[in-house]
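Asks: One structure is given below, represented as structure tokens, and several questions about it will come after.
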Amino acid sequence: MTKVAFYTFGCRLNQAETAIMQQGFASQRYRVVDYRDKPDVVVVNTCTVTENGDADTRRLVNRLRRINPEVKIALVGCQAQVQKEQLLSLPNVHWVVGNARKMEIEHILSRENETPQLITPTIGRESFTIPFTGFDERHKRANLKIQDGCDFFCSFCEIPYARGRARSREFEDILKEARELSAAGHHELVLTGINIGTYGYKDVTLVDVISALEKLPDLWRIRISSIEPTTIAGEIVERMAQKSKLCRYLHIPLQSGSDAVLRAMNRNYTAAEFDEFIRTAARSVPEICLGTDVIVGFPGETEADFEETYRLLLDLPLAYFHVFSYSAREHARTARMPEREPIPREIISERSKRLRELSLRKRQVYYRKFLGKTERVLFEQQKDGSWNGLTDTYIRVKVASDADLSNRLLPVALEGIDGQAMLGRLAD
Ligand code: SF4
């Protein structure tokens, strides 16, 4: 029996795909083990969003070789798609498989081949199905992939090259997996993709997908993962206001609060439009958790551009933001913008630090709105004597209880704040 392990870098979509790939190995021939348990084969689902992601892959390859010098490594996914030959030359790497074929990884590995395999065909534009259900034994919430690829071509981003153009999963195939995941006890599903607001299969939209999922009896919560600002249908916010199964949560990447930088990034909205959308959402759904992403140090970002970003983030009713340092990508259009000056590292770190501190403060402000209120928490696990879980508004809540709360959705009175979490007690 071959011992196979999986390792995932990068985004939620990669996690969802690893869970699906893993199901293909549930056979007599393989035993799925931890990557530290001397596996014969390791499948690494790679990421190429930043330079760090690239270096992480190389470091992991070296680590896997130290664990088992004979290990055979399959590098699959985004970095595999765009850095083909470089990856195949790494020691112990026997397969480099791009995004178009990675779901067939079990078949690819089972073919006896002495020579290393490079399988990175061009990614098509057709809608798709997924052959397995991504059961995830380690988590209560499960990811449900509904879309892949992107047509937006933001100038800093390599994703349209690594993941291909936008395409949607067939509607019935989404429902089939959702039924199986919810029946298996995954009561919260997180809709994932690269640009999920552009979902469209025949005449089915993202709102239609949500409506169909809401009818599944074992599914209690539907959460939308990151969604682009210009793609959010008004009905989505209306649905959240009605306290449906759709979580009151939106993570909407801003990237910059300066119109000049947004234009250079090829983002198709202005800071004022983003501002307007966030304020409207907050008015319509008063307790909604609104989060965002910001890139610091985009080439040519002036002090004044950065201050505009800072001010916008300070003023808006956002609960948190993720701060990313700009990272040059070979295939992205910024690689061909020599007129925009790179920003020195020290300035990027200093600006990032200011934004991260602001984000921490904003989270506290957001949490304070919930003190004294009762919210329903979907409990996940017990840790250091407390049970913890999430509200639909993405607040991590800790509750001291001797009862088994695992996978239960219970009302909790929120009474305190403990760093990045809130403290509560089970309500009567
Ligand atoms: S919307 Fe922009 S940043 Fe997001 S995946 Fe598409 S090109 Fe990349």
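Asks: Considering every pair of different Cα atoms, what Kirkwood radius, in Å, is found for the range 160-232?
Replies: By the Kirkwood definition, the hydrodynamic radius is 13.0 Å.
Asks: Determine the sum of side-chain charges near residue 309: Lys and Arg each +1, Asp and Glu each -1, restricted to other residues whose C-beta is under 9 angstrom from that of residue 309.
Replies: Here the count lands on -2.
Asks: Taking amide H positions as placed 1.01 Å from N in the peptide plane, with prolines and chain starts having none, which residues 5 or more places from residue 343, or on another chain, fall under 5 Å of its amide H?
Replies: Amide H neighbours of residue 343: 300.
Asks: Further question on the same structure: What does the extension gain come out to for residue 125 and residue 311, with contour length at 0.36 nm per residue minus their alpha carbon separation?
Replies: Contour length minus the Cα-Cα distance gives 63.0 nm.
Asks: Work out, in µm²/s and without decimals, the Stokes-Einstein translational diffusion coefficient of the range 84-142 at 4 °C, 1.567 mPa s, Rh from Kirkwood over C-alpha pairs.
Replies: 94
Asks: A further question on this structure: Over 32 Å between Cα atoms: which of 38/353; 102/202; 38/398; 202/243 fall into that group?
Replies: 38/353; 38/398
Asks: Given a Förster distance of 25 angstrom, what is the FRET efficiency for residue 137 paired with residue 384, based on the Cβ-Cβ distance and rounded to 0.05?
Replies: In this case the efficiency is close to 0.70.
Asks: At q = 0.17, 0.22 Å⁻¹, work out log10 I(q)/I(0) for the range 296-412 with the Debye formula, treating every Cα as an identical point scatterer and leaving solvent out; two decimals please.
Replies: The computed values of log10 I(q)/I(0) come out as -0.87, -1.15.
Asks: Would you mind telling me the antiparallel percentage of the DSSP bridges in the chain, rounded to 5?
Replies: The antiparallel proportion sits near 35 percent.
Asks: Next up: How many Å³ per residue does the convex hull of the Cα positions in the range 374-426 occupy?
Replies: Dividing the Cα hull volume of the range 374-426 by its residues yields 65 Å³.
Asks: Which Rg and Dmax, in Å, describe the Cα atoms of the chain?
Replies: For the chain, the Cα radius of gyration and maximum Cα-Cα distance read 22.1, 65 Å.
Asks: So how long is each side of the range 2-119 along the principal axes, counting just the alpha-carbon atoms, biggest first, in Å?
Replies: Cα extents, longest axis first: 38, 28, 26 Å.
Asks: Whole angstrom only: what separates the Cα centroid of the range 276-322 from the Cα centroid of the range 121-197?
Replies: Between the Cα centre of the range 276-322 and that of the range 121-197, the gap is 27 Å.
Asks: Right, here's the next one. Give me the distance in nm between label points sitting 7 Å out from Cα along the Cα-to-Cβ direction at residue 59 and residue 90, one decimal.
Replies: That separation, rounded to one decimal, is 1.2 nm.
Asks: Right, next: Only loop residues by DSSP count here, and only those with at most 12 other Cβ atoms within 10 Å; note down the trypsin sites (Lys or Arg not before Pro) in the range 60-163 that meet that.
Replies: For trypsin sites (Lys or Arg not before Pro) across the range 60-163 that sit outside H, G, I, E and B with at most 12 neighbouring Cβ atoms in 10 Å, the list reads 111, 125, 138.
Asks: Let me ask something else. Express in nm, to one decimal, how much length is gained between residue 51 and residue 369 on full extension, taking 0.36 nm for each residue of separation and deducting their alpha carbon distance.
Replies: Full extension of this stretch gives 110.7 nm more.
Asks: When the chain is fully extended, how far beyond the present Cα-Cα distance does residue 244 get from residue 404, taking 0.36 nm per residue of separation?
Replies: Result for the pair: 54.9 nm of gain on full extension.
Asks: Still on this model: Give me the one-decimal nm value for the distance between modelled label points at residue 104 and residue 263, 7 Å along each residue's Cα-to-Cβ direction.
Replies: Calculated label separation equals 4.6 nm.
Any read-out appearing in this document is the output of simple, stated calculations on the displayed coordinates, not a laboratory observation. Keep in mind it's a predicted model, so treat the numbers as computed, not measured. No Cβ is skipped: glycine too gets one built from the backbone with ideal geometry, and neighbour counts run over all protein chains shown.
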